[in-house]
Amino acid sequence: MAKTKILFLSDKQNKFDNFEKLLGRNTYDLYFENNEDDCLKFLINEAPEIIIIDNDMANIDLRFLPKKITSARDGIIVIIFSKDDNIPQEILRWADAFLVGDISAKLLISTINSNLRNKLSYNLLAETNKNNTKSLYTLKVLYNISSEFAGTLEKDKLIELMMDGINRSLEFDLCYVLTFNNDNKPVLIVHSKYTISDELFASLKDHACINYNNLFKNKKIPFEITVDNLICEKHIKSNIDCHTFSIYRYDNMFSPISSGENFFGLVEIYKENGFTSTDVEIFRTIIQQVSMPLKNASLYQEIKETNKKLKKLEKIKSEFISIVSHELRTPLTVIKGMMDNIKRFFTLPDKMMPAVDTISRNVKRLSGIINDLLDISKIEAGKMDYKFSVTTIDDTVKAVQTTLQGLANDKNISLLTDIQDAGTEVFVDIDRVDQILVNLVNNAIKFTPNDKTITIKTYLKDASELKDENFDDVLSTLSGKYLVVCVQDEGVGIAKENLKHVFDRFEQIENSLTREAGGTGLGLSIARQLLEAHNGAIWCDSELEKGSNFYFALPVASEKSNFMISHKQRINQAKVHNDKFATIVISADSDVIENLLKEENLIHKSYLNNSLKEVDGNIITLTLEIPDADRNFAKLFKQKIDDTMVNNKTRYPKCDIMYSYTIYPEVSN
Ligand code: ADP
């Protein structure tokens, strides 16, 4: 065991000799100084654990000694011995122990031992405290980065966060990250505490090429690392030069970043004063924590790419349909005109009449199909034009009855109307309502046998009264008052399992009349999309062999519903483009909204800064600039706002959500 170093300061050698006799030299290294200068020098150079000071010295003023001793050796144990109680105040407050009068060996040794023990416990405590503070800090760093990882879907950002986390918790001198970019080119990112000379940088690059290629020989990595293809990035944290900097003198840790089969790169860090076992754990934890988000980020990237391709394909398809339909329409119009002229200006032999009628019927059918195709491609491209106005639909219902009376007469079907709540105003594009109604009545005539009845009814209903177990998802989105139009027939009906599908694109339910009646299966899909644009809904109920009821609901005109429809229009038109903004329109004052967002924990990063804008009176638009990567957040946010505002009316009586949606900004392409 190392001996305890003790220094005596006294102007009398015999006092030291006396102490030496009492203590002996087995457990102690004893030193003697008789003046202040030599004493201070000794303290600095030899660092004794204890100093024993004579209170009765003629040549040293004890009042000034404390400061000098503590600056020479902080934390030393100070023991004063004195022949009587006459000890200066300055020393009284500062010394650790006093020995007064005649001193026995027992007293001396026990004083030294107890002070040494105290010091030891104190040092241990201080050390533990330091470690605890460091662990707490590291835990905080780990916690912060793990929550930041979870909120990030960008690979580069994740690597940056990982580097930052490793640096904050392990304080490395140098760190390499080898990763690869979207083109599968290897990228070496070097983070360093010091500036790195070109020479050193070149050697680091060589080191990476040799080491990492060897390391991953057996792994399927998507790139080869050569000095020529390795892209390098330097991140230097200070402009301090470190000339002696050589990685071989440093301790290092290394880890690949991977998750299952996926390999994302590797990290290597260097530190001059080495790593503890806790450091190794932390390093491993951070790398493990980043692997999963990196996997998610790469999946997200793939989905994004696929989505982009799908959108492009969808656009090409819509354009194709649109071009082909236009091209078909022109010759068809010519054929139709010619047929009309032939019928008008020539007297044809009776034998030819059935053929001419067949041609006319088929031309009409073909032009119907082309119009449907054109409509669907316009709707899907967001190019459908709507001319909304506040109007009643009573005249339109009557007009549709008149137009289709001939068709109904052909099958001896009675086509009736039953208009209740006449004069109710709705906010609609009346031509589109006409189109929807013609389609429904046409279908009803098609799928109803001869001699039956078809009735067009209109009536007012509150959304809460509209119920249908098969169309709950559609009807539950409605709120407020609606004018419902119902086309009731006594036709073939639709089987329960097919009810929902009749509104899908190109959907036709197989029955004897379908084949006879022809059609494309587009009519109801168009009607559904037209009604969505009106903030309305379409649904049906039916019984096989008994008949069907097709309903559609139009929101009754009011300031709020008109406002919502106009807004929806704007968004639908821009929907084809990529979303970057979420805009939420809420009627409330901005304080209420800000509080609500805070209370409900909806503030996310700094999205909400300066985003509340007063539009019109008490209507607020809340625009969140949400990057592409955070689509999920935008969705969640919208949902939360909807839930909170709509379901907590009592808690937020001053809030009235007008509409919340994701807006797609104008795009140049
Ligand atoms: P189509 O041009 O084929 O009529 P729709 O989209 O208008 O296309 O209708 C889709 C399918 O829904 C029809 O093919 C038919 O099977 C079914 N359908 C529509 N209306 C009725 C109805 N009133 N009675 C029975 N079936 C109907």
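The values are calculated or read from the model by the stated rules, or taken from the named source; none is laboratory data. Given the structure is predicted, the values throughout are model-derived calculations rather than measurements. With ideal geometry, Cβ positions are generated from the backbone for all residues, glycine too; neighbour counts draw on all protein chains shown. Ligands, DNA and RNA are stripped out before the accessible areas are found, and what is left, the full protein with its side chains, is counted by its heavy atoms. Shrake-Rupley method; radii C 1.70, N 1.55, O 1.52, S 1.80 Å.
Within the range 261-303, the residues that satisfy the criterion of being open to solvent by 60 Å² or more (accessible area, probe 1.4 Å), outside any helix (DSSP H, G or I) and touching a residue at least 12 places away in the same chain (Cβ under 8 Å) are E272, N273. Scanning the range 475-500 for residues that are away from the ligand (no atom under 16 Å from the Cβ) and at pLDDT 90 or above yields L475, K481, Y482, L483, V484.
Here A150 passes the criteria (1) open to solvent by 60 Å² or more (accessible area, probe 1.4 Å); (2) without any contact (Cβ under 8 Å) to a residue 40 or more places away in the chain except the one numbered (2). Only one entry of F427, F447 meets the criterion of being under 26 Å from L544 (Cβ atoms), assigned by TED's automatic domain parsing to the domain that holds D541 and surrounded by 19 or more Cβ atoms within 10 Å (Cβ to Cβ), and that entry is F447.
Among the residues of the range 529-543, the one identified as over 39 Å from the mean Cα position of the chain (by Cα) and within 9 Å of the ligand (Cβ to nearest atom) is S542. Assess whether S104 counts as being surrounded by 12 or more Cβ atoms within 10 Å (Cβ to Cβ), out of contact with any helix residue (DSSP H, G or I) (no Cβ under 7 Å at 6 or more places or on another chain) and among the small types (G, A, S). Here the answer is no, as S104 does not meet what is asked. When you check E465 against the structure, is it of a type in the set (D, E) and more than 42 Å from the chain's Cα centre (by Cα), yes or no? It is false that E465 is of a type in the set (D, E) and more than 42 Å from the chain's Cα centre (by Cα).
Selection within the range 71-88: residues that are of a type in the set (S, T, N, Q) and touching a residue at least 24 places away in the same chain (Cβ under 8 Å). The member of this set that is surrounded by the fewest Cβ atoms within 10 Å (Cβ to Cβ) is N86. The criterion of at least 2 residues that are of a type in the set (A, V, I, L, M), touching a strand residue (DSSP E or B) at 6+ places or on another chain (Cβ under 7 Å) and within 14 Å of the ligand (Cβ to nearest atom) is met, among strands (runs of 3 or more DSSP E) falling completely within the range 368-469, by 453-462. Considering only residues in the range 153-201 that are more than 25 Å from the chain's Cα centre (by Cα), of a type in the set (G, A, S) and open to solvent by less than 50 Å² (accessible area, probe 1.4 Å), the one that is farthest from Y137 (Cα to Cα) turns out to be S192.
Could you check, for the range 107-125, whether at least one of its residues is farther than 20 Å from K3 by Cα and either in contact (Cβ under 8 Å) with a residue 60 or more places away in the chain or open to solvent by less than 20 Å² (accessible area, probe 1.4 Å) (or both)? Within the range 107-125, not a single residue is farther than 20 Å from K3 by Cα and either in contact (Cβ under 8 Å) with a residue 60 or more places away in the chain or open to solvent by less than 20 Å² (accessible area, probe 1.4 Å) (or both). Please verify whether the range 387-405 includes one or more residues that are under 18 Å from N549 (Cβ atoms), touching a helix residue (DSSP H, G or I) at 6+ places or on another chain (Cβ under 6 Å) and open to solvent by 50 Å² or more (accessible area, probe 1.4 Å). So far as the range 387-405 goes, no, none of its residues is under 18 Å from N549 (Cβ atoms), touching a helix residue (DSSP H, G or I) at 6+ places or on another chain (Cβ under 6 Å) and open to solvent by 50 Å² or more (accessible area, probe 1.4 Å).
Consider the range 518-528 and keep the residues that are modelled with pLDDT under 90 and open to solvent by 30 Å² or more (accessible area, probe 1.4 Å). The one that is nearest to the ligand (Cβ to nearest atom) is G519.
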